[in-house]
1. So which residues in segment 2-34 are surrounded by 10 or more Cβ atoms within 10 Å (Cβ to Cβ), of a type in the set (Lys, Arg) and in contact with a Ser or Thr (Cβ under 8 Å, 6 or more places away or on another chain)?
2. Please go through segment 8-41 and give me each residue that is assigned to a loop (DSSP other than H, G, I, E, B), at pLDDT 90 or above, closer than 20 Å to Val51 by Cβ and not basic (Lys, Arg), ordered by number.
Amino acid sequence: MERKVKYDYAFRLECVELVLKKKYSAEYVSKLKQTARWNIRKWSVFIRHMVKLVGSVASVRVKYKNLSNLKVSPPIYRMI
């Protein structure tokens, strides 16, 4: 069994920006960045939700610099 890989915030945001801004599919970005497709989807949903709350991706970067340590509860995905 492989070890769980923890991706840093910059890597996550880079992947999400490819999905949200450049309109790449999660599957394409996962192959490009060599990570699981469900990770890309999960991060995209979370950042999309945060953009609705905060206003823009740049604001999300400023407000949540240490987003990699933030734990997301399942109800946040149900709200979208």
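The values are calculated or read from the model by the stated rules, or taken from the named source; none is laboratory data. Since the model is a prediction, treat every value here as computed from it, not as a measurement. Note that each Cβ is placed from the backbone with ideal geometry, even for glycine, and that neighbours are counted across all protein chains shown.
1. The answer is Arg12, and nothing else.
2. Tyr24, Ser25, listed by residue number.
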